[in-house]
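Contents: one structure, followed by commentary.
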Amino acid sequence: MRRLLVTSAILIGLMGCAGSSSSSPQNSDGVATLTGTQIASQNCVSGTVVADRAVNIVTTVAPITSIVSSIVGDTGTVITGLVPEGTNSHTFEPPPSAASVLEGADVVFINGLVLEEPTKNLAEANLRNGAVVCELATAVLPESDWIFDFSFPKSGGKPNPHLWTNPPMAIDYATVILDTLTHIDPANADAYKTNHEAFVAQIRSLDDATKVATATLPIESRKLVTYHDAYAYFARQYGWQVVGAIQPASFEEPTAKDVVALIRQVRSESVRAIFGSEVFPSPILEQIGKETGVTYVDVLRDDDLPGEPGSPEHSYAELMRFNFVTMVESLGGDATALNSLELANVPDKAKYPQ
Ligand SMILES: [Zn+2]
């Protein structure tokens, strides 16, 4: 009997080891503790199952709304975006009317990594029992891979949140979305799975074309100076270098001293073009362009999808194609691989505030 107990204790110990992820840190008692990514992903699949009615989803920025919509397809699941396209999502404060939208949600998909704190707080104050806030970036990116940089310095405590500008990370978002929807809405599990497979195939083709287009640029040309600091994870994925971002952490205009430093950097790094966006128009870009003689391009879209809601080009994949083509062509490369991509998009019935 005694021997049996000992054997059981060893077995339980072994099972404990096998069950915990090898990457889990341990506390001082040697017990595995959950990482931030594990806590965030478990939270996404902790909602109450919805039966006999359509699922209600609320989202924040348009690229996330579009990715969710790709997985939802024509299941009848309702998606309502909260952040109007073309607004600064980093400083966005939800209007009081958002409280009632959030009250009706089964799941609120946000980017996380401290991008949408006011919306997250409003959601947590208004969600009904059994509804969840799913933080996509927090669920897919381990803290060791967070990037702190120009506009997102470590001292501010907010990592660069723009994972979606890196297509493979959009696939990671889509997989968390699939798991979350399958959990709360098992009746539509097959449809979500099929839509997820189609989205993954589409984004893999975008990823391949981005690699091909990048390869047409000599390494010394793959340098980005952007106004908004949205391409850190893209750059790490495809071997580009973010030389600098113009927008300070406060999201106000840079000081004269910052501008002088950037002009010096643009000259010393032989940067070929600098990039602004429609979301953040700034006269500073023109000034740096004039002083350095470098082309400035102010049409990147960051999180503002091309076209009108409901039109085929109004999608996450088309947004990324547009941004990457703009970068590659402005720096002297050939974006044919991206331009010739067939991006068949599913009908998108999500509500995108404008
Ligand atoms: Zn941004």
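Computed from the coordinates by the stated procedures, all read-outs in this text should not be read as laboratory data. Note that the structure is predicted; figures quoted are calculated from it, not measured. Because the Cβ atoms are built from the backbone with ideal geometry, glycine has one as well, and the counts that use them run over all protein chains shown.
Across the chain, C-alpha contacts under 8 Å between residues 6 or more apart give a mean separation that, scaled by the residue count, equals a relative contact order of 19 percent. According to the Kirkwood relation over distinct C-alpha pairs, the hydrodynamic radius of region 133-291 is 17.7 Å.
Among the GluC sites (Glu not before Pro) found in region 249-354, those both in a DSSP coil and sparsely packed, with 10 or fewer other Cβ atoms within 10 Å of their Cβ, are Glu252, Glu342. Charge dipole (Cα centre; +1 on Lys/Arg Cβ, -1 on Asp/Glu Cβ; no other charges) of region 35-205 amounts to roughly 100 debye.
Counting only residues at least eight positions apart within a chain, or on another chain, the lysines with an alpha carbon under 27 Å from that of Lys154 are Lys120, Lys223, Lys257.
Annotation for region 267-342 versus region 46-88: alpha-carbon center distance of 27 Å. Evaluating kT/(6 pi eta Rh) at 4 °C and 1.567 mPa s, with the Kirkwood radius of region 35-205 over Cα pairs in the Stokes-Einstein relation, gives 80 µm² s⁻¹. Is the C-alpha gyration tensor of region 229-300 telling us rounded, prolate or oblate? Criteria: a/c under 1.5 is rounded; beyond that, a/b larger than b/c is prolate, otherwise oblate. In terms of gyration-tensor shape, rounded. Working ranking of peptides 122-130, 241-249 by packing, defined as the average number of other Cβ atoms within 10 Å per residue, highest first, is 241-249, 122-130.
Look at the alpha carbon pairs under 8 Å that are at least 6 residues apart: their mean separation over the length of region 216-333 gives a relative contact order of 24 percent. Projecting the Cα atoms of Val55, Gly36, Leu217 onto the charge dipole of the chain (Cβ charges, centred on the Cα centre) puts Gly36 farthest toward the positive pole. Ignoring lysines fewer than eight residues from Lys193 along the same chain, the ones with Cα atoms less than 22 angstrom from its Cα are Lys349.
Calculate the tail of P(r) for region 244-354: the fraction of all Cα-Cα distances greater than 25 Å, expressed in %. Cα-Cα pairs of region 244-354 separated by over 25 Å account for 34 percent. Pairs of Cα atoms nearer than 8 Å and 6+ residues apart set the relative contact order; for region 92-237 it is 22 percent. Only Lys, Arg, Asp and Glu carry charge here, each on its Cβ (+1 for the first two, -1 for the last two); on that basis region 216-333 has a dipole of about 620 debye about its Cα centre.
Ranking Ile284, Phe322, Val297 by how far each Cα lies toward the positive end of the dipole of region 254-354 (charges on Cβ) leaves Ile284 at the top. Evaluated at q = 0.07, 0.13, 0.14 Å⁻¹, the base-10 log of the normalised Debye intensity for the chain, with identical point scatterers placed on the Cα atoms, takes the values -0.34, -1.04, -1.17. When DSSP beta bridges are restricted to pairs lying wholly in the chain, around 5% turn out antiparallel. Taking amide hydrogens as placed 1.01 Å from N in the peptide plane, the amide H of Cys134 sits under 5 Å from those of Val108, Phe109, Ile110, each at least 5 positions away in sequence or on another chain.
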